[in-house]
Amino acid sequence: MSSPTAPPILDFSPIYGNDSEAKSKLVEEVRKCCHYNGFFQITGHRVPLELQRRVMNCSKRFFDLPLDEKLQIDKNLNSFNRGYELLRSQMLEVGTGPELKEGLYIGEEIPEDHPYFLQKKLNSGPNQWPQTVSDRDEFQGTTMEYYHAVFELAKDVLAVLALTLGVETTYFDPLTDGAVATMRFLHYPAQPKDQDEKLNRGIGAHTDFGCVTLLLQDEVDGLQVLDAPTGQWLDVKPVPGAYVVNLGNLFMRMANDKYKSNTHRVINKSGRERYSIPFFFSGNPDYLCECLPNCREQDEAAKYPPITVQDMVTASYKESYGRAEAYKKEFEMKKLDQASTVAAVGA
Ligand SMILES: O=C(O)CCC(=O)C(=O)O
Ligand SMILES: [Fe+2]
């Protein structure tokens, strides 16, 4: 058996050109990746390197702020998933500790009179901007410029995914029109080198919830993808300017499990701070996710009933945050237990 290899790096530029042979080759390679584990990297896209550098600089400026200033925009203060998330808030992998990462959640600017806000659509509301970050206008401007650039790229990726399914590039327009996407600035502090691999995660083993994720990493590695057939964890080495693209659970469901949403994790053992910016494309909240064309044989049934983007993603969030809450409660109970034991001994 050949040894497993990390997600391939694909040149995306044929999609913007007229070389139909190069385009077909790209589509074929993407299709192969979708069947294998749903992960690939792309270069040759249209998001400028210079914009990626500016947005990474914004992210670092934010995380450098004192904790009390970051907590002024605590994401627990609103119900629409925007703002700052403290270290150790999430726990995606059963049996591990809360995750060693902090984040800033950003999305399309949705004012409080917008129908999406009024109807409580998925992650829809005003962004929570840090008031004390240096060069605040530039911070907001760059962040939104980047958000919109990656949104466009996500649409291009979906157009290619449509081609892999043998349908028109416009097939996903009803999914992308009015789509909701969430971007996270993430910061992983350096984990001590000798820390127990089993228990400490930057982000625990998980699959993504939505349709497709586009991830920008800095030059510090730490991201790993599980090679299901061999059980090995493969490093996804950072490639300057590239996006790691992976399919989420929603896309796998629509593809009747023919395309994969694969398990991945981050352990930052580099001894350095790590920064990344994942962009989670969910889709129009009202879009009804049904089995996609050419994803089943004629007599094969769809494995899943239709579900809206809104319902599918909301259910996934509830599950993962519920786990972190349950863990913290258990942890607090243990501390209380120990305190009462100590008190009894000391009495
Ligand atoms: O930071 C990374 O490299 C991966 C992040 C990730 O998997 C996620 O946020 O879902
Ligand atoms: Fe992920």
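Just so you know, all these numbers are worked out from the coordinates, no wet-lab data involved. Keep in mind the model is a prediction, meaning the values are calculated, not measured. Here the Cβ positions follow ideal geometry from the backbone for every residue, glycine too, while neighbour counts run over all protein chains shown.
Does segment 62-200 classify as rounded, prolate or oblate by the C-alpha gyration tensor (a ≥ b ≥ c root eigenvalues; a/c under 1.5 gives rounded; else a/b over b/c gives prolate, otherwise oblate)? Since a/c reaches 1.5 but b/c is at least a/b, the shape of segment 62-200 is classed as oblate. Span-like helix check, the chain: no full DSSP H segment qualifies, none having both a Cα axial length of 15 Å or more and a mean Kyte-Doolittle of 1.0 or more. Contact order for segment 56-167, expressed relative to its length and based on alpha carbon pairs under 8 Å spaced 6+ residues apart, stands at 23 percent. When the chymotrypsin sites (Phe, Trp or Tyr not before Pro) in segment 143-244 are filtered for DSSP coil states and for at most 13 other beta-carbon atoms within 10 Å of their beta-carbon, no site remains. Rounded to the nearest 5, the antiparallel percentage of DSSP beta bridges internal to segment 65-221 is 90%. Rounded, prolate or oblate: pick one for segment 187-305, where a ≥ b ≥ c are the square roots of the eigenvalues of its C-alpha gyration tensor, a/c under 1.5 means rounded, and failing that, prolate if a/b is larger than b/c, else oblate. In terms of gyration-tensor shape, prolate. Could you compute the net charge surrounding Val27? Neighbours are other residues with a C-beta less than 14 Å from the C-beta of Val27; K and R count +1, D and E count -1. Summing Lys and Arg as +1 and Asp and Glu as -1 gives -3.
In segment 67-124, what GluC sites (Glu not before Pro) fall in a loop by DSSP, with at most 14 other Cβ atoms inside 10 Å?
Counting only loop positions with at most 14 other Cβ atoms within 10 Å, the GluC sites (Glu not before Pro) in segment 67-124 are Glu109, Glu112.
Given Lys101/Lys329; Lys120/Lys155; Lys258/Lys303, which pairs have Cα atoms separated by over 18 Å?
Going by Cα-Cα distance, Lys101/Lys329; Lys120/Lys155 fall outside the 18 Å limit.
Projecting the Cα positions of Ile15, His45, Leu71 onto the charge dipole of segment 3-88 (unit charges on Cβ atoms of Lys, Arg, Asp and Glu, taken about the Cα centre) puts Leu71 furthest along the positive direction. Once you have a ≥ b ≥ c as the square roots of the Cα gyration tensor eigenvalues for segment 119-259, tell me rounded if a/c is under 1.5, and otherwise prolate or oblate according to whether a/b is larger than b/c. Because a/c hits 1.5 or more and a/b fails to exceed b/c, segment 119-259 counts as oblate. Between segment 71-97 and segment 16-57, the C-alpha centres lie 31 angstrom from each other.
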